[in-house]
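The values are calculated or read from the model by the stated rules, or taken from the named source; none is laboratory data. Computed from a predicted model, the values in this text were never measured in an experiment. Reconstructed Cβ throughout: ideal geometry from the backbone, glycine too, with neighbour counts over all protein chains shown. The protein model used for the area step is the full one, side chains on, heavy atoms only, and it has no ligands, DNA or RNA in it. Shrake-Rupley method; radii C 1.70, N 1.55, O 1.52, S 1.80 Å.
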Amino acid sequence: MKNFFKSLLHISFVFVLSCNSMAAEKVEYLKTDWSFKGLFGKFDRGALQRGYQVYSEVCSSCHSMKYVSYRNLAEKGGPEFSLDQAKAIAASFEVTDGPNADGEMFTRPGKLSDKFVMPYENEKAAQAANGGAYPPDMSVLVKARGGGANYIYSLLQGYEDPPLGMTLDEGVYYNKYMYGNKIKMSNQLSDGLVEYSDGTEATVEQMSKDITTFLMWTAEPHLEARHRMGFKAIVYLIILTVLVYFSMKKIWSRIETEV
Amino acid sequence: MSDHEYTPQSKAGKWFNDRLPLLTLANHLTDYPTPKNLNYWWTFGGILTFCLITQIVTGLTLAMHYIAHADMAFESVEHIMRDVNYGWLIRYIHANGASMFFLAVYIHIFRSLFYGSYKAPREIIWIIGIIIYLLMMAAAFMGYVLPWGQMSFWGATVITNLFSAIPFVGEGIVTWLWGGYSVDNPTLTRFFTLHYLIPFLILGLVVLHIWALHVPGNNNPVGIDIQKPSKDTVPFHPYIVIKDGFALLMFMIVFAFFVFYTPNILGHADNYIEANPMVTPAHIVPEWYLLPFYAILRSVPDKLLGVIAMLSAIFILAALPWLDTSKIRSAVFRPLYKQFYWILVADVLILGYVGAMPAEGLYLLIARVATAYYFIHFLVILPVLGFKEKTLPVPLSITEPVLGGSPNLAMAKNKESLTK
Amino acid sequence: MAEKKTKRRDFLFTATYAVGAVGVGAVVWPMIDQMNPDASVKALASTEVDVSTVNPGNTITVLWRGKPVFIRRRTQDEIEEAKSVKMEELKHPEKDEDRAKNPEWLVMLGVCTHLGCVPLDQKGDYNGWFCPCHGSHYDISGRIRKGPAPTNMEIPEYKFVDANTIKIG
């Protein structure tokens, strides 16, 4: 049996190694201590709330977030705004509803059940307003990029002057973490851009971290539940495995064969 | 199934059993004499059954929420992930379950290769297994299309375009497969239908696979025919049931780790971008379990020949019982074959690795060498080895090995080679 | 080969079975619960209706949780008729005052309590609703008077947000 597990271990080792090397990127991303990593990883509520502030004040003018609803802001495992806060946030947006009895569309204040209001009517309108580049929907952005949270975090801080000899077209910017180094989004963050209501100093680094945490949550709203359940499930499986192992030993002891 | 006559104890049981011998079947399954020296590599049959059932159950529940429409598929998957009660759990089990299924099936196949389980009288079991494996690949591929992300869309485009390599009718077949002039809504709905159907076909084939197994009985690490029931066998229940259960639990721990802690590591980030027919992702890579075949496809410079090479790589397995000319089943007693076996394992792993790399320069060269070796192994080495190899003496029974030490000890020595 | 029956073995097997059964239960629950209303459905549980255009003697039907809700603005005659019914005559005795807090407005789930069909307005023997499926007659308070339905039509939770707007749910 030992040999079996030994060889299994080796195969999985080789497997994980090759997976890692496949995922390995050419650029080394900036790293920070994400609270949501690890076996018991949880979101930092403060970071989520600040991240929402950055999203709503900075990103949301171009980037939609069409799979997230206002009610999510008050849900457990998220920014956990109070229900009243979430209602107020929702109500601050104009939502198109209808048609009414006369067949007309009308606008009303947002409700908790509404999805985040989109900055543009549709993808084409978004492209037209942004020089042909579609600002991607941010709902699952962290999962849609190979580097994940570290990539987004780095990208926001990766704006630099282009190296000598590189010419950039109008509306194209240099970013050392972007694939191909050319990005159509200009540098959005600068120190003190937003005024955090909790008094945290809004450095570029702080805002990058907060918005990335927020985006991680919008991409994986059940991450905390997943981590909690995962720990319980694995502890349970280990206990049952031990019990079954001894039961097996007991049963096989009836005959003279090693199991 | 007529190992011995079975009569139920109770009157009602007898009445029922005379009309539908389900109790006889149950009795056959529990009493089924199994070689007692089966090692843990044999537990993957049970693990695979678990994988199939898990995929069917989670798949059915996902189908209750998924919408097979090009405009709504991506959104409905996000709906499952966000709003459906435990939707994220069920989807992550299903998505990672596919990978776990293939992990298990590869171990199962390579176990068979090591111990010669495909040889007479087990050829039919083996061929049914190959068909199951093919259907698994079809199901996995079509399942990957359903979320309608970028990889779904472009994977579907690339794979269906393989058929265009067929001379004369290729283009027509591809248009027929798509139901249009590109991968679009008609393609998605038919893939959903087939993805739903195939697991039940697999289930039916699994029944045949096990039925065919129960005729000659299990092969075993020593690879000899055994009297059953005898001193060499144990009843399936409780001995094998508990052992399979133990192995399954170990497997489930690994499975759970993927589902709860790295649920997206085996997938591709691009599949969280909604399908866009105007933009192809920078790197198109299939799921890891298809990489070796993808490498073979790309290593041949001709379109048609590439497709033929890739398909042959799978179909050649069906001819294996006749390509392997050796009378000895288990690699334990075939010192040369054992070495070639491990070279083949390495070869397939290398193919998988280069399949994930860009098809250029050194990678392409490695892929070509590895592809050539893959075919040489089956077409040249195996047939010749059967005649040339000097095999070790095989014991007459499991309980009384004629060699010094038990067969399990010999096995242990073989495993050493893995660690190097 | 002889089976040794010891206490430890019995305990071990019992414990294994018990722990295993707990796990099976824990796995089955998500598969069942996924069929319950999801978070987005639950979030839509309330709806607001503008009733300013409804004249006395008319009924409007709105959709709430996928079911029709009848909102009837009753005339004075109808209110009096509803109040005059004696409790003994009713299969499911409920006072009209309890069913329509503002007697002018009857807000009621338009679903027959027999097998879920939608009853027809101003039909039947009691000047109220009549269910065409199996012939249940309801009065102008939506109470069952004749036919197979066991109970009165259900009154959902609702409130007047202002004089012209009713919030259901």
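Entry remark, region A:170-189: residues being free of Cβ contacts under 8 Å to residues at least 40 places away in the same chain and either among the acidic types (Asp, Glu) or on the phi < 0 side of the Ramachandran plot (or both) number 11 in total.
Kindly check whether there is at least one residue in region B:176-198 that is of a type in the set (A, V, I, L, M, F, W, C), free of Cβ contacts under 8 Å to residues at least 12 places away in the same chain and closer than 30 Å to B:GLU78 by Cβ.
Yes, region B:176-198 contains at least one residue that is of a type in the set (A, V, I, L, M, F, W, C), free of Cβ contacts under 8 Å to residues at least 12 places away in the same chain and closer than 30 Å to B:GLU78 by Cβ.
Picking from residues in region B:1-43 that are open to solvent by 90 Å² or more (accessible area, probe 1.4 Å) and closer than 25 Å to B:LYS243 by Cβ, the one that is nearest to the other protein chains (Cβ to nearest Cβ) is B:HIS4. Residue count for region B:275-288 satisfying the condition of being within 25 Å of A:THR218 (Cβ to Cβ), more than 8 Å from chain A (Cβ to nearest Cβ) and open to solvent by 30 Å² or more (accessible area, probe 1.4 Å): 2. Look at region C:76-103: where a residue is over 15 Å from C:PRO156 (Cα atoms) and free of Cβ contacts under 8 Å to residues at least 24 places away in the same chain and a partner is open to solvent by less than 80 Å² (accessible area, probe 1.4 Å) and of a type in the set (A, V, I, L, M), sitting 6+ places away or on another chain with Cβ atoms under 8 Å, you get C:PRO93/C:MET87; C:LYS95/C:MET87. If the condition is being surrounded by 14 or more Cβ atoms within 10 Å (Cβ to Cβ), within 7 Å of another protein chain (Cβ to nearest Cβ) and not polar (S, T, N, Q), then region A:240-259 contributes A:LEU240, A:LEU243, A:VAL244, A:TYR245, A:PHE246, A:MET248, A:LYS250, A:ILE251, A:TRP252, A:ARG254, A:VAL259. Checked across region C:83-90, the condition of being closer than 15 Å to C:ASN152 by Cα, of a type in the set (Asp, Glu) and outside any loop (DSSP other than H, G, I, E, B) holds for at least one residue. Elements of the type strands (runs of 3 or more DSSP E) sitting completely within region C:98-142 and holding at least 1 residues that are open to solvent by less than 10 Å² (accessible area, probe 1.4 Å): these cover C:105-109, C:127-131, C:136-139.
Being of a type in the set (Phe, Trp, Tyr) and under 19 Å from A:VAL58 (Cβ atoms) holds for only one residue in A:TYR236, A:TYR245, A:TYR196, and it is A:TYR196.
In region C:144-169, the residues that are farther than 25 Å from C:ASN127 by Cα form Cβ pairs under 7 Å with partners that are among the acidic types (Asp, Glu), at six or more places apart or across chains, as follows: C:VAL161/C:GLU48; C:ASN164/C:ASP50; C:THR165/C:GLU48; C:THR165/C:ASP50; C:LYS167/C:GLU48; C:GLY169/C:GLU157.
Condition first: of a type in the set (A, V, I, L, M, F, W, C) and farther than 26 Å from A:GLY51 by Cβ. Now tell me which residues in region A:151-201 satisfy that. Those that are of a type in the set (A, V, I, L, M, F, W, C) and farther than 26 Å from A:GLY51 by Cβ: A:LEU164, A:MET166, A:LEU168, A:VAL172.
Summed over region B:289-341, the residues that are buried (at least 19 other Cβ atoms within 10 Å of the Cβ), outside any helix (DSSP H, G or I) and among the charged types (D, E, K, R) give a count of 3.
Residues that are free of Cβ contacts under 8 Å to residues at least 40 places away in the same chain, closer than 17 Å to B:ASP71 by Cα and either open to solvent by 40 Å² or more (accessible area, probe 1.4 Å) or touching a Pro at 6+ places or on another chain (Cβ under 9 Å) (or both) within region B:124-166 are absent altogether. Please determine whether any residue of region C:67-76 is more than 21 Å from the chain's Cα centre (by Cα) and part of a loop (DSSP other than H, G, I, E, B). Yes: one or more hits. Is it the case, given these coordinates, that B:LEU201 is open to solvent by 60 Å² or more (accessible area, probe 1.4 Å), among the hydrophobic types (A, V, I, L, M, F, W, C), within 24 Å of B:GLY46 (Cα to Cα) and not in a loop (DSSP other than H, G, I, E, B)? For B:LEU201, the condition - open to solvent by 60 Å² or more (accessible area, probe 1.4 Å), among the hydrophobic types (A, V, I, L, M, F, W, C), within 24 Å of B:GLY46 (Cα to Cα) and not in a loop (DSSP other than H, G, I, E, B) - is met. Candidates in region C:27-51 are the residues that are open to solvent by less than 60 Å² (accessible area, probe 1.4 Å), of a type outside the set (D, E, K, R) and in a loop (DSSP other than H, G, I, E, B); of these, the one that is farthest from the other protein chains (Cβ to nearest Cβ) is C:VAL51. The condition (being under 20 Å from the mean Cα position of the chain (by Cα), within 14 Å of chain B (Cβ to nearest Cβ), not small (Gly, Ala, Ser) and not in a loop (DSSP other than H, G, I, E, B)) is satisfied by just one residue among A:GLU224, A:GLU205: A:GLU224.
Just to be sure, is A:TYR151 surrounded by fewer than 21 Cβ atoms within 10 Å (Cβ to Cβ), within 14 Å of chain B (Cβ to nearest Cβ) and of a type in the set (Phe, Trp, Tyr)? No, not satisfied.
Can you find, within region A:107-140, the residue that is nearest to the other protein chains (Cβ to nearest Cβ) among those that are open to solvent by less than 20 Å² (accessible area, probe 1.4 Å) and among the aliphatic types (A, V, I, L, M)? So the residue we want is A:VAL140.
Once region B:345-373 is narrowed to residues that are buried (at least 21 other Cβ atoms within 10 Å of the Cβ) and among the hydroxyl-bearing types (Ser, Thr, Tyr), the residue that is farthest from the other protein chains (Cβ to nearest Cβ) is B:THR371.
Restricting attention to region A:135-173, the residues that are polar (S, T, N, Q) and at pLDDT below 90 total 1.
Do we find a residue being of a type in the set (D, E, K, R) and part of a loop (DSSP other than H, G, I, E, B) anywhere in region B:80-90?
Initial filter on region B:80-90 (of a type in the set (D, E, K, R)): B:82-83.
Applying the additional criterion that residues be part of a loop (DSSP other than H, G, I, E, B) yields B:83.
Looking for residues that are of a type in the set (D, E, K, R) and part of a loop (DSSP other than H, G, I, E, B), one finds at least one in region B:80-90, hence yes.
Screening B:LEU48, B:LEU113 for residues that are within 14 Å of the chain's Cα centre (by Cα), under 21 Å from B:ALA140 (Cβ atoms) and more than 12 Å from chain C (Cβ to nearest Cβ) leaves exactly one candidate, B:LEU48.
Scan region A:52-59 and tell me whether some residue there is of a type in the set (D, E, K, R), open to solvent by 80 Å² or more (accessible area, probe 1.4 Å) and either touching a helix residue (DSSP H, G or I) at 6+ places or on another chain (Cβ under 9 Å) or in contact (Cβ under 8 Å) with a residue 24 or more places away in the chain (or both). Scanning region A:52-59 turns up at least one residue that is of a type in the set (D, E, K, R), open to solvent by 80 Å² or more (accessible area, probe 1.4 Å) and either touching a helix residue (DSSP H, G or I) at 6+ places or on another chain (Cβ under 9 Å) or in contact (Cβ under 8 Å) with a residue 24 or more places away in the chain (or both). Could you tell me whether any residue of region A:36-52 is more than 14 Å from chain B (Cβ to nearest Cβ), modelled with pLDDT of 90 or more and within 24 Å of A:TYR120 (Cβ to Cβ)? The answer is yes, given that some residue of region A:36-52 is more than 14 Å from chain B (Cβ to nearest Cβ), modelled with pLDDT of 90 or more and within 24 Å of A:TYR120 (Cβ to Cβ). Scanning region A:130-138 turns up one or more residues that are on the phi < 0 side of the Ramachandran plot, of a type in the set (Gly, Ala, Ser) and free of Cβ contacts under 8 Å to residues at least 60 places away in the same chain.
Among the conditions (1) in contact with an Asp or Glu (Cβ under 7 Å, 6 or more places away or on another chain); (2) closer than 22 Å to B:TYR272 by Cα, A:TYR174 misses just one, which is (2).
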